[in-house]
Amino acid sequence: MSSPEKSGIGKIIFSSSLGTLIEWYDFYIFGSLATVISQQFFPEGQGTAALLSTLAIFAAGFIVRPFGALVFGRIGDLIGRKYTFLLTLVLMGGSTFLIGIIPGYKSIGMLAPILVLLLRLVQGLALGGEYGGAATYVAEHAPVGKRGYYTSWIQTTATLGLFVSLGVILLTKSSMSNEAFNAEWGGWRYPFWVSILLVVVSIYIRMKMSESPIFAKLKSEGKTSKNPLKESFGHKANLKMVLLALFGAVMGQGVIWYTGQFYAQSFLENVVKIEFAQNREIVLWAIGLATPFFLVFGALSDKIGRKWIMLTGMLLGVIFYRPIFGTLLKDADVTTWDKNKSAAQTEPFKEYQTADKITNNNTTKIVSHIETFVVYRGIAFKERRSDTAIFENNNNQYKWTILPALTSLRDTALLDMKSYRKEGIDFTKMFSVDKKIVYSDKILPTYLKIKFIALVWVMIIFVTMVYGPIAAFLVELFPTKIRYTSMSLPYHIGNGVFGGLVPFIATLITTFKGSTPLSGLWYPIGVAAVCFVIGSIYLSNKKDENVMD
């Protein structure tokens with residue numbers, strides 16, 4: 001059997017990584033477009049409820065990943081690594097493309113979210129079989145003493161998949177108006193359609209790959225497992241290693257990954273209220289600057305072991321998540337921005353918008369309240385405008401009247417309308433003068449944008465610490481004949497269930513009575529803390545140089 005170097009380890013890594021990157025791209029464009037998707041596939045006006053429903057569908061794809069690990073892990077240990085992750089690639093790419101052609105709620109009603117859910121489940125099953133195959137394939141080719149470094153290239157694919165998905169979305173959005181992008185058949189669908197081209201390229205490359213030499217040797221000798229599931233989870237010793245891998249390493253790794261990248265993006269958009277494009281730009285810069293550290297920590301784990309690098313990343317998340325997210329929230333308060341450092345901003349951004357409706361007999365009166373905040377030449381302006389529309393039903397003859405703007409005030413945050421009367425409308429019934437202004441679509445000044453990039457970068461460094469060494473760690477835990485099955489299950493429970501649920505559970509917690517915008521962080525902090533304790537006590541830092549067993 002030729003050595004890994006002679007068989008072209010670079011080509012092996014590229015072929016494996018490209019397909020895995022594309023699968024992550026497919027998986028993440030859904031999450032990156034969650035807000036738009038919630039508007040397209042659910043009834044109008046549901047707001048937070050629609051977003052939570054979309055995040056629940058997003059999470060469903062993660063929840064079924066362990067089942068995909070069982071199904072495809074078994075196939076991979078029976079038939080081989082190569083053909084298994086060819087199949088997962090086809091399923092993932094096909095599902096992603098089909099999501100992009102499903103009509104919206106306005107066209108087919110509740111059938112729209114149901115179809116999206118079904119395709120997300122197929123995506124989850126496919127991804128459940130992809131990662132274990134790619135990581136195992138590379139690890140079984142890697143030379144002794146460099147397994148952490150070589151498998152860390154596979155680890156970059158999840159983050160790069162997110163990077164590519166955000167990049168494609170930003171390019172698409174920048175080429176058209178908001179209306180064109182957000183329309184039912186608008187630009188938000190293009191990233192889904194593009195995926196089919198990427199998948200075809202990856203399938204062509206993977207068809208030229210050969211089987212893992214270690215597995216091929218095992219198969220030629222007739223030593224492959226007859227029942228990978230039974231051997232993986234029916235034998236006490238191996239089941240113990242599966243549970244230790246899950247609760248002592250992967251569970252914490254999962255929540256650190258999804259908090260530092262996905263929940264950070266969701267938090268910036270839905271809580272901090274950063275404008276869409278700038279939010280993605282912040283995450284893109286942070287990911288791009290942090291990605292090389294997957295390789296750094298993967299290589300370092302070859303020298304000092306995997307355990308303490310991973311556990312340190314978890315501990316740093318436990319300690320610093322609340323201070324970092326708290327700083328993001330605090331610094332986004334526009335009233336505290338340094339006017340001397342604020343760049344000229346000629347375009348206003350929306351702060352707050354409501355519509356109040358009162359129906360009296362046959363007349364419906366609607367008042368829309370719009371507030372804007374403008375930073376121009378270092379000077380902050382606030383403006384509130386109220387427009388009124390009257391809708392009258394007179395013997396089924398409908399009349400719609402738009403009244404002119406009632407008022408426009410600068411440097412006034414709240415407008416006292418207690419004594420104002422216009423066309424017989426009592427504004428005291430329409431809105432409270434004490435209602436808090438909520439700023440949205442904020443555009444950060446340059447000095448704050450750089451600070452936000454740095455804070456998100458720090459959180460992604462935590463990700464690189466826990467994720468860079470994890471593939472080599474898992475590969476070394478299990479014997480070759482059941483490796484695909486045994487390592488895939490804890491990986492996809494830890495990432496798919498514990499990690500994948502972070503955006504949904506954290507967002508849900510913030511809706512509870514008495515919660516704060518930072519309350520959702522207790523979920524990833526708690527899981528990472530428990531994992532750190534278990535890993536510290538029970539994990540070994542010893543590397544297994546021989547993966548031929």
> Taking region 319-336 only, how many residues are surrounded by 23 or more Cβ atoms within 10 Å (Cβ to Cβ) and closer than 30 Å to Lys542 by Cα?
Replying inline: 1
> If you go through region 139-175 one residue at a time, how many are among the polar types (S, T, N, Q) and more than 17 Å from Leu18 (Cα to Cα)?
Replying inline: 3
> Taking region 178-202 on its own, how many of its residues are in a helix (DSSP H, G or I) and loosely packed, with under 15 Cβ neighbours inside 10 Å?
Replying inline: 7
> Within region 267-281, which residues are assigned to a helix (DSSP H, G or I) and either touching a Lys or Arg at 6+ places or on another chain (Cβ under 6 Å) or surrounded by 24 or more Cβ atoms within 10 Å (Cβ to Cβ) (or both)?
Replying inline: Phe267, Leu268, Asn279
> Are any residues in region 184-200 of a type outside the set (Val, Ile, Thr) and touching a helix residue (DSSP H, G or I) at 6+ places or on another chain (Cβ under 9 Å), and if so, which ones?
Replying inline: Glu184, Gly186, Gly187, Trp188, Arg189, Tyr190, Pro191, Phe192, Trp193, Ser195, Leu198
> Within region 450-477, which residues are within 16 Å of Leu160 (Cα to Cα) and not in a helix (DSSP H, G or I)?
Replying inline: Gly468
> Out of all the residues in region 35-44, which are crowded, with 24+ Cβ neighbours inside 10 Å and either assigned to a helix (DSSP H, G or I) or of a type in the set (Val, Ile, Thr) (or both)?
Replying inline: Ile37, Gln40
> What is the residue count in region 158-173 for residues that are modelled with pLDDT of 85 or more and either of a type in the set (S, T, N, Q) or surrounded by fewer than 16 Cβ atoms within 10 Å (Cβ to Cβ) (or both)?
Replying inline: 3
> Among the listed residues Tyr491, Tyr447, Tyr523, which satisfies the condition of being in a helix (DSSP H, G or I) and touching a Leu at 6+ places or on another chain (Cβ under 7 Å)?
Replying inline: Tyr491
> Can you name the residue in region 176-198 that is touching a residue at least 60 places away in the same chain (Cβ under 8 Å) and of a type in the set (D, E, K, R) and, of all such residues, is nearest to Gly19 (Cα to Cα)?
Replying inline: Arg189
> Does region 142-151 include one or more residues that are charged (D, E, K, R), assigned by TED's automatic domain parsing to the domain that holds Val71 and over 24 Å from Val71 (Cα atoms)?
Replying inline: yes
> surrounded by 15 or more Cβ atoms within 10 Å (Cβ to Cβ), over 16 Å from the mean Cα position of the chain (by Cα) and not basic (Lys, Arg) - does that describe any residue in region 493-502?
Replying inline: yes
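The values are calculated or read from the model by the stated rules, or taken from the named source; none is laboratory data. In this text, all values refer to a predicted model and were calculated from it rather than measured experimentally. Glycine gets a Cβ as well: all are built from the backbone with ideal geometry, and neighbour counts include every protein chain shown.
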